[in-house]
Every structure is written in structure tokens, then in C-alpha cells.
1. Quick check on residue 63: is it at pLDDT 90 or above and loosely packed, with under 11 Cβ neighbours inside 10 Å?
2. Would you please name the residue that is surrounded by the most Cβ atoms within 10 Å (Cβ to Cβ), looking only at residues in the stretch 1-14 that are touching a residue at least 40 places away in the same chain (Cβ under 8 Å) and part of a loop (DSSP other than H, G, I, E, B)?
3. Residues of the stretch 51-73 being aliphatic (A, V, I, L, M) and in contact with a strand residue (DSSP E or B) (Cβ under 7 Å, 6 or more places away or on another chain), which ones?
4. Considering only the stretch 1-34, state which residues are under 10 Å from the mean Cα position of the chain (by Cα) and of a type in the set (Asp, Glu).
5. Considering only residues of the stretch 28-56 that are free of Cβ contacts under 8 Å to residues at least 24 places away in the same chain and among the acidic types (Asp, Glu), which is nearest to residue 76 (Cα to Cα)?
6. Would you please name the residue that is farthest from residue 72 (Cα to Cα), looking only at residues in the stretch 15-27 that are in contact with an Asp or Glu (Cβ under 9 Å, 6 or more places away or on another chain) and in a strand (DSSP E or B)?
7. Keeping to the stretch 41-60, report how many residues are modelled with pLDDT of 80 or more and either touching a Leu at 6+ places or on another chain (Cβ under 7 Å) or small (Gly, Ala, Ser) (or both).
8. Quickly run through the stretch 71-91 and pick out the residues that are at pLDDT 65 or above, out of contact with any Lys or Arg (no Cβ under 8 Å at 6 or more places or on another chain) and within 20 Å of residue 27 (Cβ to Cβ).
Amino acid sequence: MLCRIDELKNKQVVCVGDGCVLGFVSDVELDTENGNLTAIIIFGRLRFFGLLGREDDIVVSWKDIKVIGNETILVDVVSTSFLQEKNKKRI
């Protein structure tokens with residue numbers, strides 16, 4: 001299946017293990033030396049309508065992506081680890 005970067009954007013990213021929705025693809029990370037896509041990036045949620053900035057971005061490695069569908073990308077990551085890292089940074 002061929003897919004453009006523009007088509008990857010705005011696809012919903014869901015964890016396979018617990019069904020948690022991480023968000024939508026906002027950006028990608030490319031290795032310019034090899035020409036490989038290395039990760040997808042999900043921008044953090046806005047805090048207080050963006051006035052207080054945004055939460056940290058979620059970076060999902062390409063090796064953790066299991067399926068890219070028409071509307072959804074299934075990833076094999078532990079969503080709770082992302083939430084725990086964010087909570088540690090807040091404290």
C-alpha cells in the first residue's frame with residue numbers, strides 16, 4: 001500500500017493493547033540520510049485553550065506501528081507509560 005505523508009496526517013492513532021486513543025498524526029520524523037520514515041508524532045493536547053501551552057508530544061517509533069488503515073493507525077505501545085511520563089514532568 002502506498003501512502004502519502006499528507007494522507008497520514010489526521011489519522012487517529014490507537015493502542016492495540018488497551019484501545020486507548022493517543023490522538024491524531026500531526027507530523028512525521030524522517031531519516032534524511034537513508035530516506036526512511038522513523039516515527040510519527042502526535043502533538044500534545046492544548047492546556048486551557050492554548051493559553052498555558054500544550055502537553056508534550058507523543059513520538060511513536062515506526063517499529064511500533066502494526067497496521068495503517070484508511071482512518072486509523074494501530075500501534076503497539078503501552079499508553080499508560082506515556083501518561084505516567086507526562087504526570088512525572090508535571091510534578
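The values are calculated or read from the model by the stated rules, or taken from the named source; none is laboratory data. These figures come from a predicted structure and were not determined experimentally. Neighbour counts run over all protein chains shown; Cβ positions are idealised from the backbone, glycine included.
1. Spelling it out, residue 63 is indeed at pLDDT 90 or above and loosely packed, with under 11 Cβ neighbours inside 10 Å.
2. 11
3. Scanning the stretch 51-73 gives 58, 59, 60, 65, 67, 73.
4. Correct list: 27 only.
5. The residue in question is 31.
6. Selected residue: 27.
7. Qualifying residue count, the stretch 41-60: 2.
8. Within the stretch 71-91, just 77 meets the criteria.
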